[in-house]
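Visitor: My questions will all concern the structure given below.
The values are calculated or read from the model by the stated rules, or taken from the named source; none is laboratory data. Just so you know, these numbers come straight off a predicted model, no measurement behind them. Here the Cβ positions follow ideal geometry from the backbone for every residue, glycine too, while neighbour counts run over all protein chains shown. When the accessible area is computed, the model is the full protein with side chains, heavy atoms only, and any ligands, DNA or RNA have been set aside. Shrake-Rupley method; radii C 1.70, N 1.55, O 1.52, S 1.80 Å.
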Amino acid sequence: MLPNSERTYHDPLHGAIALNSSDSTEALLIRLIDTPAFQRLRRIRQLGPASLTFHGAEGSRFTHSLGVMAVARRAFDRLAKSYPQLQVHRPVVLCAALLHDVGHGAFSHTAEEMFGCDHEHWTRRILREYQPICELLDRFHPNLLDQIEQTYLKKYPVPLVSQLVSSQLDCDRLDYLMRDSYFTGASYGKIDLDRILMALRYDPVSQQLVVAQKGIAAIEHYLIVRYFMYAQIYNHPKNIAATWVLNQAFDRARTQLQAGQLTADETVTAWLSEDCNRLTLEQYLSADDGVFVYHLQRWQHQSDPVLADLCRRFLDRDLLKALDVSHLGESDRQMLLDKVHYLLTEAGFVPRYYAGLRTFINRGYTLYQRGINLQTSTGLQEISELSPLVKTLTQPVQKVWLLYPREIEAQLLAAID
């Protein structure tokens, strides 16, 4: 790489994200980005199957990871300007921010639900086992890999470092709220990033990330945005239905594979047959959205009618309906589900694949990773103690959805009435 050369990524949110190779840390970031394991993130959608609900939700884990690194650099460099002693931690912060999602599987968080894998576990495995990345980190500094792992495990000796990457107010959340709002068209999801970054402070006594008291309104707005994004985007009933159909398709595929009645390539066979967290590194990294969607396209012509129909429903966006049953008691919900199963059986469906109850609990704010502390004249105070609005957001809100195919909707609604 030529001296003083720049690598620039033009981002729709953050503008030009420029990395300068004359800066040793940024030169390392460029090389990490160029590894095949990181480039794989281009082939994994940030929001899994959410594009079936919000057609613009096509962004990848690659673009999000670059965005998190860009936000972390802005936040850290601003703090380090006031506290130069922090500068030594810059490589850890930026590398941890860039690589935090390198362990995501196909369809992002949906893969964790379908296959039981843990993307944080895989991020640490990739850092340890994937030679192109661990060699770059070791060459930069022999302790850098350990320090990044400490950051992910919330064990880094300076809490600020972990908090910038993973906390109630971290660069990951700041980027994904902005990015997901932008790509889904959710205008209520916009946050004031500049004002939030200007409000961030470093407390040298506790060595943690804190917020200036004058920034409380910007943080309240950020937390409200996060609450609405979960309520209206991430847990949208169509997203829930799309995830259900995808999950059921792979569950049926697993059953058919075990019975010797299904063909799949080596990668998908391994994912369907083994504990996801115990796959080989090659088996894990070989999977992405394209690999699994290709199999769905093949399986829609499978001789098994259930698998073929589930694959067709996902690919054609012929999704299940979702009925809000949050107001019903648990026994009434179960009675309604039993009724749906009866109707499905009468209509010739295999009920377990076509109906179910899905419960989601949305809590806008918790004390995860030290919460959010404000600087006040009397010392640090947790934000929910000072803000009635944030206090309200700590209360959990539960939504329960009954999923069923449209083919029995008329009978179901008649039975409810």
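Visitor: Any chance you could give the angle, 0 to 90 degrees and rounded to 10, that helix 237-258 forms with the longest Cα principal axis of the chain?
Guide: In the chain, helix 237-258 runs at an angle near 70 degrees to the longest axis.
Visitor: Compute the longest continuous run of the chain that contains no exposed GluC sites (Glu not before Pro); treat a site as exposed when its DSSP state is not H, G, I, E or B and it has at most 13 other Cβ atoms within 10 Å.
Guide: Working: sites that count: GLU58, GLU274.
So the longest stretch without any such site is 59-273.
Visitor: Moving on to the next point. For the chain, report the convex hull volume of the alpha-carbon atoms normalised per residue, in Å³, without decimals.
Guide: Working: hull volume 63.3 nm³, N = 417.
For the chain, the hull spanned by Cα atoms encloses 152 Å³ per residue.
Visitor: If the cut-off is a Cα-Cα distance under 27 Å, which lysines reach LYS81, setting aside same-chain residues fewer than 8 apart in sequence?
Guide: Straight-line reach from LYS81, under 27 Å: LYS154, LYS155, LYS214.
Visitor: List, in order, the whole-Hz ³J(HN,Hα) value for each residue of the stretch 111-118 obtained from phi through the Karplus relation with A = 6.51, B = -1.76, C = 1.60 and θ = phi - 60°; use x for Gly and Pro.
Guide: These are the phi-based 3J(HN,Hα) values: 5, 5, 6, 6, 10, x, 8, 10 Hz.
Visitor: So, one more: Scan around GLY371 for amide H atoms under 5 Å from its own, H built in the peptide plane at 1.01 Å from N, and keep only partners 5 or more places away or cross-chain.
Guide: GLN168
Visitor: Enumerate the amide H contacts of GLY356 below 5 Å, restricted to partners 5 or more residues apart or on another chain; note that Pro and chain-start residues carry no placed amide H.
Guide: LEU403
Visitor: To the nearest 0.05, what FRET efficiency results for ASP316 and LYS214 with a Förster distance of 60 Å applied to their C-beta separation? Could you put the intermediate results ahead of the total?
Guide: Numbers: r = 52 Å, r/R0 = 0.87.
Given R0 = 60 Å and the Cβ-Cβ separation, E is 0.70.
Visitor: Also, I was wondering about something else. Report the gain in length on full extension from ALA16 to ARG139: 0.36 nm times residue separation, minus Cα-Cα distance, nm rounded to one decimal. Write out the running numbers ahead of the final one.
Guide: Details: separation 123, 0.36 × 123 = 44.28 nm, distance 2.81 nm.
Between ALA16 and ARG139, full extension yields an extra 41.5 nm.
Visitor: Need one number: nm distance between label points at GLU382 and HIS109, each 7 Å from Cα along Cα→Cβ, rounded to one decimal.
Guide: 2.3
Visitor: For the stretch 76-182, what is the accessible area per residue in Å² when the probe is 1.4 Å? The partial results should precede the final answer.
Guide: Working: 3780 Å² over 107 residues.
Per-residue accessible area for the stretch 76-182 comes out at 35 Å².
Visitor: Convert each backbone phi in the stretch 92-97 into a coupling constant with the Karplus relation 6.51 cos²θ - 1.76 cosθ + 1.60 (shift: θ = phi - 60°), then list the ³J(HN,Hα) values in order as whole Hz, x for Gly and Pro.
Guide: 5, 4, 5, 5, 5, 5
Visitor: Between LEU153 and VAL293, with labels modelled 7 Å along Cα→Cβ, what's the label distance in nm to one decimal, could you check?
Guide: Label at LEU153, label at VAL293, 3.7 nm between them.
Visitor: Return the single residue from ASP288, ASP172, ASP34 with maximal mean-square fluctuation; model: Gaussian network over the chain, springs between Cα atoms under 10 Å.
Guide: Between ASP288, ASP172, ASP34, it is ASP34 that shows the largest mean-square fluctuation.
Visitor: Using the Kirkwood formula over every pair of different C-alpha atoms, what hydrodynamic radius in Å results for the stretch 233-355? If you can, show how the numbers build up before the last one.
Guide: Numbers: mean 1/r = 0.0624 Å⁻¹.
Value: 16.0 Å, from the Cα pair sum.
Visitor: So how much accessible area does THR255 have, in Å² to the nearest 10, using a 1.4 Å probe?
Guide: 60
Visitor: Provide the net charge surrounding HIS55, with neighbours chosen by a C-beta distance below 13 Å and charges set as Lys +1, Arg +1, Asp -1, Glu -1. Intermediate results must be reported in sequence, preceding the final value.
Guide: Numbers: positive: ARG45, LYS238, ARG317; negative: GLU58.
Local charge sum for HIS55: +2.
Visitor: For the chain, what relative contact order do you get, as a whole percent, if you take Cα pairs closer than 8 Å and at least 6 residues apart? Mind dumping the intermediate values first?
Guide: Details: 612 pairs, mean separation 62.5, N = 417.
Across the chain, relative contact order equals 15 percent.
Visitor: Given R₀ = 45 Å, FRET efficiency for GLU6-SER331 by Cβ-Cβ distance, to 0.05? If you can, show how the numbers build up before the last one.
Guide: Details: r = 63 Å, r/R0 = 1.41.
After rounding to 0.05, the efficiency reads 0.10.
Visitor: Suppose the Debye formula is applied to equal point scatterers at every Cα of the stretch 158-209; what is log10 I(q)/I(0) at q = 0.14, 0.17, 0.26 Å⁻¹?
Guide: Reported log10 I(q)/I(0), two decimals: -0.42, -0.57, -0.99.
Visitor: Let me ask something else. Can you divide the C-alpha Rg of the stretch 97-201 by 2.2 N^0.38 Å and report the result to two decimal places? Mind dumping the intermediate values first?
Guide: Working: Rg = 15.8 Å, N = 105, 2.2 N^0.38 = 12.9 Å.
Taking the Cα Rg and dividing by 2.2 N^0.38 Å, one obtains 1.23.
Visitor: Assuming 0.36 nm per residue, please report the length gained on full extension of the stretch VAL205 to ASP324 beyond their Cα-Cα distance. Mind showing how you got there, number by number?
Guide: On the way: separation 119, 0.36 × 119 = 42.84 nm, distance 4.86 nm.
Once the chain is fully extended between VAL205 and ASP324, it gains 38.0 nm.
Visitor: Using a cut-off of under 19 Å, list every residue of the stretch 354-398 whose amide N is near the label point 7 Å from the Cα of ILE416 along the Cα-to-beta-carbon line.
Guide: 354-360, 398
Visitor: If you don't mind, there's one more thing I want to ask. Using a 4.7 Å cut-off between beta carbons, which cysteines in the chain end up with no partner cysteine at all?
Guide: Unpaired cysteines in the chain: CYS95, CYS134, CYS171, CYS311.
Visitor: Let me ask something else about it. Assuming R0 = 56 Å, can you tell me the calculated FRET efficiency for the pair ARG195 and ARG352, based on Cβ-Cβ distance, to the nearest 0.05? Please report the intermediate quantities before stating the final value.
Guide: Values: r = 49 Å, r/R0 = 0.88.
After rounding, the FRET efficiency stands at 0.70.
Visitor: How big is Rg to Rh over the stretch 1-85, alpha-carbon atoms, Rh as the Kirkwood inverse-mean-distance radius? Walk me through the numbers before you get to the answer.
Guide: On the way: Rg = 15.1 Å, Rh = 14.4 Å.
Ratio value, two decimals: 1.05.
Visitor: Of all accessible surface on the chain at a 1.4 Å probe, what whole percent is carbon and sulfur? All intermediate terms of the calculation are to be shown ahead of the outcome.
Guide: Numbers: 9020 of 18000 Å².
Of all accessible area on the chain, carbon and sulfur atoms account for 50 percent.
Visitor: Can you pull the Rg over Rh of the stretch 288-358, Cα-only, Kirkwood?
Guide: 1.07
Visitor: Something else about it: Which cross-chain or sequence-distant (5 or more) residues have an amide H under 5 Å from the amide H of GLU382, H modelled 1.01 Å from N in plane?
Guide: Counting only residues 5 or more places away or on other chains, the set is LEU374.
Visitor: Sticking with this structure for a sec: Report Rg/Rh for the stretch 322-367, rounded to two decimals, where Rg is the Cα radius of gyration and Rh the Kirkwood radius. Let's see the in-between values first.
Guide: On the way: Rg = 13.9 Å, Rh = 12.3 Å.
Result: Rg/Rh = 1.13.
Visitor: Moving on. Under 29 Å Cα to Cα from LYS238, which lysines show up? Leave out anything in the same chain fewer than 8 places away.
Guide: Once the sequence-local lysines are set aside, what remains near LYS238 is LYS190, LYS321, LYS339, LYS399.
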